[in-house]
Amino acid sequence: MAHTVFVTGGAGYIGSHCIVSLLEAGYEVVAIDNFANSVSERGADGLSRAPALDRVQQITGKELTFVQCDLLDIDALRNIFKLKKIDSVIHFAAIKAVGESMEQPFLYYRNNMMGAINLLEVMKENGCYNLVFSSSCTVYGSPEFLPINEDHPTGKVTNVYGRTKYFIEEMLKDVAVAEKQWNIIMLRYFNPVGAHPSGSIGEDPTKPFTNLMPYIAQVAIGSKPKLTIFGTDYNTEDGTGVRDYIHIMDLASGHVAALKKLQEEHLRMKIYNLGTGEGVSVLRLLKTFEKVTGTKVSYETLERRVGDIDAIYAKCELAEKELGWKSQYNLEQMCEDFWRWQTMNPDGYRSNKTITNGKI
Ligand code: WQD
């Protein structure tokens, strides 16, 4: 009997790519999404569909179950757990715009915190205790040392989005201590970028975004006039911000590795960084993107964004040692794969191209 994984936020950028790897690893998948930050369309049956997940099924040739559902609707969530026995859960669903989180803290605490609490309640009601939680390097705040390992202090987070991730981590630690049946892995992502090599799924540009790679691609494709580089006076190699960019398919394989670990071992609670271990500046990413795509990305420079840090990059030895996972893709591939998605789908999932077997 295949192991069934319940994926929240499955229609999103990270969720959809992880589901490709889950299906290819032989897992059954039940996915939900409330389309807060992903694209939906009306199916022939009148129900909302996730074009990203239709394409995931075309890429893999495998089927999955998708239901539109909001984690704040605990009764709807309970009904989904009645559809079929759920063996493990991967929890991606959250809203994550840093700037918006500062303007609307209540929206973020209610959505991200209550959503997680409802999920834990329903898991417990159904005797399901295997959980992979999508956390973030944001919980580390401003690094006290680099590269950052999992023992680095957490909690000195200034933005509300990052604080919701931190508070959920702390809640999961308390739950794992109080109830020994929980089996939880928390994955702290660094900066996910890129797209599935087929080019048929990616980070949809029709949703509001502020992060760097999609912005560069939009300038390269001509949808935006120029990139603004926020801050050129950081204490880094070229003065621009340094981050640990990780290919989305490396992130996806990290989730499969974590799930396998939970199936092999009852470990209560473990935390792993998912990064490459390499810090890359804004300018270096931009130049690599131009070289790989043969495009020119014009930019202006402005002062720093409030809350941005100089540099952050991961120490990933623990995931390599205990999960047998290591990032495989390089910066050029991240740029190449994102560009293929962007040029094949200039309007994201609203593109009217037809996809067959993951190819345009
Ligand atoms: C990267 C660098 C900016 C845009 C993100 C997510 C956060 C978390 C970690 C998941 C910085 C610079 C950016 C632009 C720029 N991921 N930049 N011009 O801030 O590291 O955080 O990854 O939880 O949710 O927000 O990523 O891509 O916004 O910025 O100069 O138009 O690019 O200053 O140095 P960030 P980012």
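The values are calculated or read from the model by the stated rules, or taken from the named source; none is laboratory data. Every value quoted in this text rests on a predicted model; they were computed, and no experiment measured them. Heads up, the Cβs are rebuilt from the backbone with ideal geometry, glycines too, and the neighbour counts pull from every protein chain shown.
Results, tabulated for the structure shown:
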read-out: One residue from Glu144, Glu169, Glu150 being surrounded by fewer than 16 Cβ atoms within 10 Å (Cβ to Cβ) and acidic (Asp, Glu); value: Glu144
read-out: Qualifying position, being in contact with a Cys (Cβ under 6 Å, 6 or more places away or on another chain) and under 21 Å from Val132 (Cα atoms), among Ile90, Ile95, Ile86; value: Ile86
read-out: Wholly enclosed strands (runs of 3 or more DSSP E) of the stretch 185-283 bearing at least 1 residues at negative phi and surrounded by 22 or more Cβ atoms within 10 Å (Cβ to Cβ); value: 191-193, 245-247, 269-274
read-out: Residue check, Gly222 free of Cβ contacts under 8 Å to residues at least 24 places away in the same chain and small (Gly, Ala, Ser); value: yes
read-out: Residue in the stretch 171-185 that is closer than 18 Å to Lys287 by Cβ and either within 12 Å of the ligand (Cβ to nearest atom) or at pLDDT 95 or above (or both) present; value: no
read-out: Count - residues of the stretch 102-147 that are under 23 Å from Asp33 (Cβ atoms), small (Gly, Ala, Ser) and out of contact with any Lys or Arg (no Cβ under 8 Å at 6 or more places or on another chain); value: 3
read-out: Helices (runs of 4 or more DSSP H) lying entirely in the stretch 61-146 (those with 3 or more residues that are closer than 18 Å to Val30 by Cα and in contact (Cβ under 8 Å) with a residue 12 or more places away in the chain); value: 74-83, 115-125
read-out: Contacts under 7 angstrom Cβ, first residue in the stretch 30-46 being without any contact (Cβ under 8 Å) to a residue 12 or more places away in the chain, partner part of a strand (DSSP E or B) and not charged (D, E, K, R), 6 or more apart; value: Arg42/Ser48
read-out: Members of the stretch 309-324 that are of a type in the set (Asp, Glu) and more than 9 Å from the ligand (Cβ to nearest atom); value: Glu317, Glu320, Glu322
read-out: The stretch 89-110, residues that are at pLDDT 95 or above and more than 27 Å from Ser253 (Cα to Cα); value: Gln104, Pro105, Phe106, Leu107, Tyr108, Tyr109, Arg110
read-out: Residues being more than 10 Å from the ligand (Cβ to nearest atom), surrounded by 13 or more Cβ atoms within 10 Å (Cβ to Cβ) and not in a loop (DSSP other than H, G, I, E, B) - total across the stretch 284-308; value: 7
read-out: Search result, residues across the stretch 231-253 that are of a type in the set (D, E, K, R) and farther than 11 Å from Phe190 by Cβ; value: Asp233, Glu237, Asp238
read-out: Residue under evaluation Ser253, criteria (1) away from the ligand (no atom under 16 Å from the Cβ); (2) over 23 Å from the mean Cα position of the chain (by Cα), criterion not met; value: (2)
read-out: Scan of the stretch 212-232 for residues that are of a type in the set (Lys, Arg) and modelled with pLDDT under 95, ordered by number; value: Lys224
read-out: Breaking point among (1) within 30 Å of Met344 (Cα to Cα); (2) at pLDDT 95 or above, for Val132; value: (1)
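Rundown of residues vs (1) near the ligand (Cβ under 8 Å from one of its atoms); (2) closer than 21 Å to Ile148 by Cα; (3) touching a helix residue (DSSP H, G or I) at 6+ places or on another chain (Cβ under 7 Å); (4) not hydroxyl-bearing (Ser, Thr, Tyr), yes/no style:
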position	(1), (2), (3), (4)
Val219	no, no, no, yes
Gly239	no, yes, no, yes
Ile248	no, yes, yes, yes
His266	no, no, no, yes
